[in-house]
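Inspection log for the structure reproduced underneath, given as structure tokens.
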Amino acid sequence: MRRAVEEHWLPALQAFQPEMIFISAGFDGHWQDEIADLLLVEADYTWLTQQLKTVATTWSKGRIVSVLEGGYELHALGRSVMAHIKVLSDL
């Protein structure tokens, strides 16, 4: 996932130069969630949020809107959301 984000997604986002970033924050890619097979962990969500925050700082004056979209294993969801919010809040 990280390599795909670094090689494809971030360059496209940087080239687009967004004025605001909207995040559809879905956490069903967590390894404990049965919906997807992405096998992500909280550190992956932290890293991804950091990447988006860097783009927002560069192009969007830090403007980010994040909306909870999914995640169905409640313990994994709670931990993943907390990781995401900590990065957004500079905690």
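The values are calculated or read from the model by the stated rules, or taken from the named source; none is laboratory data. Keep in mind that what you see is a predicted model, and the values were worked out from it rather than measured. Backbone-built Cβ (ideal geometry, glycine too); neighbour counts: all protein chains shown. Side chains included, ligands, DNA and RNA excluded: accessible areas come from the protein's heavy atoms. Shrake-Rupley method; radii C 1.70, N 1.55, O 1.52, S 1.80 Å.
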**OP:** Check the range 38-49 and report whether any residue there is part of a loop (DSSP other than H, G, I, E, B) and open to solvent by less than 100 Å² (accessible area, probe 1.4 Å).
**Re:** yes
Subject >> Filter pass, Lys61 being of a type in the set (Lys, Arg) and not in a helix (DSSP H, G or I) >> reply: yes
Original post:
Looking at (1) in contact (Cβ under 8 Å) with a residue 24 or more places away in the chain; (2) out of contact with any helix residue (DSSP H, G or I) (no Cβ under 7 Å at 6 or more places or on another chain), which is the only condition Ala25 fails?
Top reply: (2)
**OP:** Collect the residues in the range 30-42 that are at negative phi and without any contact (Cβ under 8 Å) to a residue 24 or more places away in the chain, keeping them in residue-number order.
**Re:** Ala36, Asp37, Val41
Original post:
When you go through Ser66, Ser89 one by one, which is the residue that is surrounded by 13 or more Cβ atoms within 10 Å (Cβ to Cβ) and either modelled with pLDDT of 95 or more or not aliphatic (A, V, I, L, M) (or both)?
Top reply: Ser66
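Matching residues to (1) under 11 Å from the mean Cα position of the chain (by Cα); (2) of a type in the set (Gly, Ala, Ser); (3) farther than 17 Å from His84 by Cα; (4) buried (at least 16 other Cβ atoms within 10 Å of the Cβ):
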{"site": "Met1", "(1), (2), (3), (4)": "no, no, no, no"}
{"site": "Ala12", "(1), (2), (3), (4)": "no, yes, yes, no"}
{"site": "Glu19", "(1), (2), (3), (4)": "no, no, yes, no"}
{"site": "Ser24", "(1), (2), (3), (4)": "yes, yes, no, no"}
{"site": "His30", "(1), (2), (3), (4)": "no, no, no, yes"}
{"site": "Glu34", "(1), (2), (3), (4)": "no, no, yes, no"}
